[in-house]
1. If I go through the stretch 8-65 residue by residue, how many of them are hydroxyl-bearing (Ser, Thr, Tyr), under 23 Å from Asn87 (Cβ atoms) and outside any loop (DSSP other than H, G, I, E, B)?
2. When residues of the stretch 8-66 are filtered for being more than 16 Å from the chain's Cα centre (by Cα) and surrounded by 16 or more Cβ atoms within 10 Å (Cβ to Cβ), how many remain?
3. I'd like to check something: does the stretch 78-87 contain any residue that is closer than 24 Å to Arg134 by Cα, over 15 Å from the mean Cα position of the chain (by Cα), surrounded by fewer than 17 Cβ atoms within 10 Å (Cβ to Cβ) and aliphatic (A, V, I, L, M)?
4. Taking the stretch 88-120 only, how many residues are part of a loop (DSSP other than H, G, I, E, B) and surrounded by fewer than 16 Cβ atoms within 10 Å (Cβ to Cβ)?
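Bear in mind these aren't lab numbers, they're just calculated from the coordinates by the rules spelled out. Here the structure is a predicted model, which means the values were calculated and not measured. For neighbour counting, all protein chains shown are included, and Cβ atoms are generated from backbone atoms with ideal geometry for every residue, glycine included.
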Amino acid sequence: MDAPTDVIDSTEPWVKNQIDQYVATNGEKPVFRHGSPLVLLTYQGRKTGQWRRTCLIGAEYEGSYLLVASKGGAKDNPLWYPNLVENPGAWLQVGPDYFPVTARTATPEEKPPLWTFMVSLYPEYEDYQKKTDRDIPVVILDPVH
């Protein structure tokens, strides 16, 4: 899979600022609350086919990478999540490294230790889950070799 060349960054000003800092410093900045690790996710829109990029808390876990589709505990999932469900082929930047991944949602059986791990990196996820009736998904990104 070839890396996308025409990518639209998030239009949310604070996220765009994170992306700009991340790219400029190869992931050394920005530093998020609690020192939570950040990654850049480039995913394909399910309606337009356009590639989009956002900055998220993400971390390596047993050879894969994890994301949490929390949207701060909102009643609906973040926009990137249904796009990954429909188009699971994506790209991930971790520090200076940029590589293709395949996304999938953790099953109910897989989720508990993954959730615990992500909460250890960003404790607010527990509060987010309490704010919403939806089960916040954990997304597993498997690198494509």
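1. Selection size over the stretch 8-65: 7.
2. Residues in the stretch 8-66 being more than 16 Å from the chain's Cα centre (by Cα) and surrounded by 16 or more Cβ atoms within 10 Å (Cβ to Cβ): 1 in total.
3. Looking for residues that are closer than 24 Å to Arg134 by Cα, over 15 Å from the mean Cα position of the chain (by Cα), surrounded by fewer than 17 Cβ atoms within 10 Å (Cβ to Cβ) and aliphatic (A, V, I, L, M), one finds none in the stretch 78-87, hence no.
4. First pass over the stretch 88-120, keeping only residues part of a loop (DSSP other than H, G, I, E, B): 88, 95-96, 106-110.
Retained after the next criterion (residues that are surrounded by fewer than 16 Cβ atoms within 10 Å (Cβ to Cβ)): 95-96, 107-110.
Within the stretch 88-120, residues that are part of a loop (DSSP other than H, G, I, E, B) and surrounded by fewer than 16 Cβ atoms within 10 Å (Cβ to Cβ) number 6.
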